């Protein structure tokens, strides 16, 4: 099958690229004269989840462009931002991975389903996966998943933080209560289920799982009828894209108390709640980032990228949770590149060296201040054994027009999930034997 191609011009040279792959050498005029690092991103700017994907991808792109424009790249090496459109389709995501792996130093799957499919491929190809705040939660086990990272927090961290929040720090007070999970029926939505089941058994609450098929995202009447019958004390939302607005709209219609309706960080986007407006006031969502529009990093994006009209974003997008989350995600990659360059004493690092940089990432308060992102994300560090970092998160609340922070920093109970992480990581390695373990980790 032939792919339609798009012409692109660099200097006097004209090239053609497959339309499925959009390659933007940020700020580069003479591509042949520059040292460039290729950083693929399996984007989803189209389809039912586009409202989430667009600000996230824009934030990532604009941070990298800012680094190129302000600093000339990282130690003189410019960042090549490469998008391959998946529409959030697992099949297209795998195809994009195969198209970009030859030159890419990292892969961002942007879907738990895609992450699961390419997990064994990336290990065989020795290309790191960066899945910030998503993907298969046992990826946290760096001993087993050498090539995958899901910093700064996993879905199981999210479960722990939400339950600690509603129980005021003592999950035993949930005994006799009922907690429902309203989730997109996909690998993403199903990921928290085993951990919630284990916590329900341990702390004596009733757990009810309520799936939403992709075709039902905007019409959840039957799911909310079930919620009305079950009458749970809390409903946790693992939604995405148009499902989020649909869920909040149904909660409003059925009169479910908003203060008992709490979403994971992908269910806390400004755009999804705007259609509901004041009616959704009180809905809450966990978030591992806080927008700080006057931070130095964000002001540099405005100065070097937005004001000169090098890219364009939607009205109000700059101040949004998701746009600034995208900028933070690109910061992870940039900092890992910088670490690898210094450690291996080379400017043009390879994929294995970038993996080392990700595994040794340390973002403490001092480094966040140097980067210009103080207050935007909680400090965390990655180690050989821990590929998540388990940064804290904040509870946000919809005030009718935007999300505002209503809690101090929340922390996950890592010990609560440790046994299940080990069990599922071991089962994965055995099912995919021979599996390449991380022999560098200390026993």
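Considering 283, 323, 304, which residue is crowded, with 21+ Cβ neighbours inside 10 Å, touching a helix residue (DSSP H, G or I) at 6+ places or on another chain (Cβ under 7 Å) and not assigned by TED's automatic domain parsing to the domain that holds residue 184?
After applying the criteria, what remains is 323.
Among the residues of segment 313-336, is there at least one that is closer than 23 Å to residue 149 by Cβ and over 18 Å from the mean Cα position of the chain (by Cα)?
no
What's the total number of residues in segment 229-246 that are modelled with pLDDT of 95 or more, in a helix (DSSP H, G or I) and under 27 Å from residue 164 (Cβ atoms)?
Counting residues in segment 229-246 that are modelled with pLDDT of 95 or more, in a helix (DSSP H, G or I) and under 27 Å from residue 164 (Cβ atoms) gives 1.
Looking at segment 50-134, what helices (runs of 4 or more DSSP H) fall wholly within it and have at least 2 residues that are farther than 23 Å from residue 429 by Cα and at pLDDT 95 or above?
So the answer is 50-71, 90-100.
So which residues in segment 215-240 are surrounded by fewer than 18 Cβ atoms within 10 Å (Cβ to Cβ) and touching a strand residue (DSSP E or B) at 6+ places or on another chain (Cβ under 9 Å)?
226, 230, 231, 233 - these are the residues of segment 215-240 that are surrounded by fewer than 18 Cβ atoms within 10 Å (Cβ to Cβ) and touching a strand residue (DSSP E or B) at 6+ places or on another chain (Cβ under 9 Å).
Restricting attention to segment 400-411, does a residue exist that is surrounded by fewer than 16 Cβ atoms within 10 Å (Cβ to Cβ), out of contact with any strand residue (DSSP E or B) (no Cβ under 7 Å at 6 or more places or on another chain), free of Cβ contacts under 8 Å to residues at least 60 places away in the same chain and not in a loop (DSSP other than H, G, I, E, B)?
Taking every residue of segment 400-411 in turn, none turns out to be surrounded by fewer than 16 Cβ atoms within 10 Å (Cβ to Cβ), out of contact with any strand residue (DSSP E or B) (no Cβ under 7 Å at 6 or more places or on another chain), free of Cβ contacts under 8 Å to residues at least 60 places away in the same chain and not in a loop (DSSP other than H, G, I, E, B).
Is there a residue being buried (at least 19 other Cβ atoms within 10 Å of the Cβ) and not in a helix (DSSP H, G or I) anywhere in segment 154-173?
Yes, the conditions are met somewhere in segment 154-173.
Answer yes if at least one residue in segment 374-392 is closer than 30 Å to residue 303 by Cα, modelled with pLDDT of 95 or more and over 18 Å from the mean Cα position of the chain (by Cα), and no otherwise.
yes
Might you check whether a residue that is surrounded by fewer than 24 Cβ atoms within 10 Å (Cβ to Cβ), on the phi > 0 side of the Ramachandran plot and either in contact with a helix residue (DSSP H, G or I) (Cβ under 7 Å, 6 or more places away or on another chain) or in contact (Cβ under 8 Å) with a residue 12 or more places away in the chain (or both) occurs anywhere in segment 174-193?
Yes, segment 174-193 contains at least one residue that is surrounded by fewer than 24 Cβ atoms within 10 Å (Cβ to Cβ), on the phi > 0 side of the Ramachandran plot and either in contact with a helix residue (DSSP H, G or I) (Cβ under 7 Å, 6 or more places away or on another chain) or in contact (Cβ under 8 Å) with a residue 12 or more places away in the chain (or both).
Can you tell me which residue is modelled with the highest pLDDT among those in segment 10-49 that are assigned to a loop (DSSP other than H, G, I, E, B), out of contact with any helix residue (DSSP H, G or I) (no Cβ under 8 Å at 6 or more places or on another chain) and within 21 Å of residue 336 (Cβ to Cβ)?
The residue in question is 35.
Quick check: anything in segment 329-337 free of Cβ contacts under 8 Å to residues at least 24 places away in the same chain, within 22 Å of residue 441 (Cα to Cα), out of contact with any strand residue (DSSP E or B) (no Cβ under 7 Å at 6 or more places or on another chain) and assigned to a helix (DSSP H, G or I)?
Among the residues of segment 329-337, not one is free of Cβ contacts under 8 Å to residues at least 24 places away in the same chain, within 22 Å of residue 441 (Cα to Cα), out of contact with any strand residue (DSSP E or B) (no Cβ under 7 Å at 6 or more places or on another chain) and assigned to a helix (DSSP H, G or I), which makes the answer no.
Considering only segment 201-217, I want to know if a residue exists there that is part of a helix (DSSP H, G or I) and within 30 Å of residue 368 (Cα to Cα).
no
If residue 143 satisfies every condition in (1) surrounded by fewer than 24 Cβ atoms within 10 Å (Cβ to Cβ); (2) part of a helix (DSSP H, G or I) but one, which is the exception?
(2)
Quick one: would you say residue 212 is at pLDDT 95 or above, surrounded by 18 or more Cβ atoms within 10 Å (Cβ to Cβ) and closer than 25 Å to residue 114 by Cβ?
The answer is yes for residue 212.
Residue 436 fails exactly one of the following numbered conditions: (1) surrounded by fewer than 18 Cβ atoms within 10 Å (Cβ to Cβ); (2) assigned by TED's automatic domain parsing to the domain that holds residue 272. What is the number of that condition?
(2)
Looking only at segment 118-127, filter to residues that are over 19 Å from residue 83 (Cβ atoms) and in contact with a helix residue (DSSP H, G or I) (Cβ under 7 Å, 6 or more places away or on another chain); which one of those is surrounded by the most Cβ atoms within 10 Å (Cβ to Cβ)?
Among them, the one singled out is 121.
The values are calculated or read from the model by the stated rules, or taken from the named source; none is laboratory data. Note that the structure is a prediction, hence the values are computed from the model and not measured. Here the Cβ is made from the backbone with ideal geometry for all residues, glycine too, and neighbour counts use every protein chain on show.
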